[in-house]
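Visitor: I'd like to ask you about the structure that follows.
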Amino acid sequence: MANTAPEGQRSIPPVSIEIIVPARNEARRLPGGLAALCGKAATLPLRTAILVVDSASTDPTGDVVRDWPAGPVPVRLLRCQRAGKGVAVRAGLLATQAPFVGFCDADMATDLSALDVAVRLLAAGNRLVVGSRALDASVAEDRHSGTRKVGAAAFRTLARRVVPDATDTQCGFKFFSGPLVRAAALSLRTAGFAFDVELIASCQRLGATLTEIPVRWRDVPGSTFCVPRHSAAAFRDVASIWMRSRADRAAARRAPLPGAVPHACPQALPGGAQALPAGIRTA
C-alpha cells in the first residue's frame, strides 16, 4: 500500500513528464543519482518532475527526498509500505498525471543522455520507449559474474515467451504515454524484479508498439538484486506472467479487448524536428 498523495512540493505547476525513481534503502546512492537526474531533467525541452517511491526502506531514503532542496525540477516522495520493485513502480505510475511518464533506477546505471532520445520519441507519438543494452549501438560495461550472466540469458529466453520482440526487458530505463501506462499498471500483479516483462506485455496488449533505443549502461556496485535471493522468484514470476498472458490471449480471441488506449497529446519540441541517433528498433 502507498500513500495516495506524494509528499513535498505539493503545489507544483502541471508538468509534461514525470520520472519515477523506485528506491529501497538507497540513502547512500540516491543523493548522487538524484542530483544527476535533476541536472539532466532541467535541460529537457518539456517541463519535468521527479517522483521517488520509497519502497519500505529501513534507512533514511525518505529523509533524503524530504530534505531535497527546491529547484527548477520538483522532487516529491511517495511512501510505499510494501517492498518490491514492481510494487513501487506500479504505485508511482498510478500516482502520476502527466502526459508522459517514465522510470529509471536510483543508481542511474543508464546514461541520462538517453532521456533526450526518449523525449523526442514520445513527443513524436511513440508510446512505449524502452532502453536496451542488447542493441548493436548500445555500450554496456558489465562486471557481472559468470553465474549471473548464465542466469540472465536463461531469464531472457523465458521472457521472450511473453514479449518475443523485446531484446532487453530488464534495463531500468522505460518511458511511456501517460494514459497508456496508467491503464497498463492497473492490472500489474508482479511485485518483484520481473515486473518489467508484465508491464511491457500489458502495454502491447493495449495497442502500443515497442520502440527500443540504444543506451550507455554501466554496472554500478550496490544493486539490490541478489542472485541467490531473487533469481528463483524472478523465474517463477515470469512463468506466472507467461501463463496469464496465454489465458489473456485466449480470452481476447473469444471476446476482443476494448479499443486501444488513446495517445497522449503530441507536443512539439522547441527548435522543430531533430535527427534521432541510429540504432533505434521498433517491433
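The values are calculated or read from the model by the stated rules, or taken from the named source; none is laboratory data. None of these values were measured; they are calculated from a predicted model. Positions of Cβ are backbone-derived with ideal geometry, glycine not excepted, and every protein chain shown enters the neighbour counts. Just the protein is used for accessible areas: all its heavy atoms, side chains included, with ligands, DNA and RNA removed. Shrake-Rupley method; radii C 1.70, N 1.55, O 1.52, S 1.80 Å.
Conditions tested, residue by residue: (1) open to solvent by 20 Å² or more (accessible area, probe 1.4 Å); (2) within 23 Å of THR190 (Cα to Cα).
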| site | (1), (2) |
| --- | --- |
| VAL53 | no, yes |
| GLN97 | yes, yes |
| VAL101 | no, yes |
| LEU115 | no, no |
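Visitor: Where residues in the range 63-83 are open to solvent by less than 20 Å² (accessible area, probe 1.4 Å) and under 14 Å from PRO22 (Cβ atoms), which of them is farthest from the chain's Cα centre (by Cα)?
Guide: VAL65
Visitor: Across the range 171-187, what is the total count of residues that are farther than 17 Å from ALA264 by Cβ and under 12 Å from the mean Cα position of the chain (by Cα)?
Guide: The total comes to 3.
Visitor: Those residues that are over 15 Å from CYS203 (Cβ atoms) and within 18 Å of the chain's Cα centre (by Cα), I need them from the range 141-170; list them, please.
Guide: Of everything in the range 141-170, those that are over 15 Å from CYS203 (Cβ atoms) and within 18 Å of the chain's Cα centre (by Cα) turn out to be ARG156, THR167, ASP168, GLN170.
Visitor: Among the numbered criteria (1) open to solvent by less than 10 Å² (accessible area, probe 1.4 Å); (2) farther than 16 Å from VAL220 by Cβ; (3) in contact with a Lys or Arg (Cβ under 8 Å, 6 or more places away or on another chain), which single criterion is violated by VAL89?
Guide: (3)
Visitor: Here's something else I'd like to know. Given (1) free of Cβ contacts under 8 Å to residues at least 12 places away in the same chain; (2) under 29 Å from ARG47 (Cα atoms); (3) not aliphatic (A, V, I, L, M), identify the lone condition not met by PHE175.
Guide: Every listed condition holds for PHE175 apart from (1).
Visitor: Determine which member of the set PRO45, PRO22, PRO14 is open to solvent by 20 Å² or more (accessible area, probe 1.4 Å), touching a Lys or Arg at 6+ places or on another chain (Cβ under 8 Å) and within 22 Å of LEU122 (Cα to Cα).
Guide: Criteria check complete, one pass: PRO14.
Visitor: Of everything in the range 125-134, what is at pLDDT 95 or above and among the aliphatic types (A, V, I, L, M)? Give them in sequence order.
Guide: LEU128, VAL129, VAL130
Each row is one residue, and each column tells you yes or no for (1) part of a strand (DSSP E or B); (2) on the phi > 0 side of the Ramachandran plot; (3) modelled with pLDDT under 95; (4) not polar (S, T, N, Q).
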position	(1), (2), (3), (4)
ASP116	no, no, no, yes
LEU121	no, no, no, yes
ASP136	no, no, no, yes
ARG148	no, no, yes, yes
ALA152	no, no, yes, yes
THR157	no, no, yes, no
LEU180	no, no, no, yes
THR190	no, no, yes, no
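Visitor: Got a sec? Which helices (runs of 4 or more DSSP H) wholly within the range 1-100 have at least 2 residues that are of a type in the set (Lys, Arg) and in contact (Cβ under 8 Å) with a residue 24 or more places away in the chain?
Guide: Here the list reads 85-94.
Visitor: Filter the range 193-207 down to the residues that are among the small types (Gly, Ala, Ser) and either without any contact (Cβ under 8 Å) to a residue 40 or more places away in the chain or within 10 Å of VAL238 (Cβ to Cβ) (or both) and list them by number.
Guide: ALA194, SER202
Visitor: When you scan the range 33-40, do you find a residue that is crowded, with 19+ Cβ neighbours inside 10 Å and farther than 18 Å from ALA109 by Cβ, even just one?
Guide: No, the range 33-40 has no match at all.
Here's the yes/no breakdown for (1) at pLDDT below 75; (2) of a type in the set (Phe, Trp, Tyr); (3) surrounded by fewer than 21 Cβ atoms within 10 Å (Cβ to Cβ):
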position	(1), (2), (3)
ASP165	no, no, yes
PHE195	no, yes, no
ARG205	no, no, yes
THR209	no, no, yes
PHE225	yes, yes, yes
TRP242	yes, yes, yes
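Visitor: Of the conditions (1) at pLDDT below 95; (2) within 21 Å of PHE176 (Cα to Cα), PRO22 clears all except one; give me its number.
Guide: (1)
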